[in-house]
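Have a look at the structure below, then the notes.
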Amino acid sequence: MAEKPQPVRVLYCGVCGLPAEYCEFGPDFEKCKPWLIQNAPDLYPDLLKEAGAKDADKVSDQLQSASISGAGSSKPKEEEVKRLPGGKIKKKEKQEVVIEKMTRNKRKCITTVKGLELFGVKLSDASKKLGKKFATGASVTKGPTEKEQIDVQGDIFYDIVEFITDTWPDVPESAIFFIEDGKKVPAV
Ligand SMILES: [Zn+2]
């Protein structure tokens, strides 16, 4: 007598429909994240850290008590989230420039700049200007979600805000953010 085979349980993402462990390779990981935090936190432990930084008010209570400390509840909501029928979440894209410093191979530092295109800036043009200003290499690349971003060689954190607001006056200082230790913080 053969035992009845156990069905393999696959958790499908409620946003993109892929098996949840493949969301990060899917078309819109950013949109999957809130769902994953709620439904598959084990698969993406890093998301919890991110959630502490920017989505604290949307994460379920259990997560908050488990791992988030110091995230003030008086923080204003950063993104408008609409819940559509069927549990899909539609996020309005916020106009902001996000700058992150990354170290590759432990030595090489790269500063990524995301979101300039939301202010009508042509990225190829911005990449050239940044490279020239900081006398370094800069290029337009695709990030993990296939969105274009600018990679600038070196650490240019401390001059970049002024350069951006001087060069592209449509970008207000208040819309510029840094990612520091995985947290999004206003640049000024
Ligand atoms: Zn997904």
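A short reminder: the numbers here are calculations on the coordinates, not readings from a lab. From a predicted model like this one, the values you see are computed outputs, not experimental measurements. All Cβ positions, glycine included, derive from the backbone under ideal geometry; neighbour counts span all protein chains shown.
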(message) Condition first: farther than 23 Å from Cys109 by Cα and under 20 Å from the mean Cα position of the chain (by Cα). Now tell me which residues in the range 147-171 satisfy that.
(response) Val171
(request) Would you please name the residue that is farthest from the ligand (Cβ to nearest atom), looking only at residues in the range 13-24 that are part of a helix (DSSP H, G or I) and over 24 Å from Lys94 (Cβ atoms)? (result) Glu21
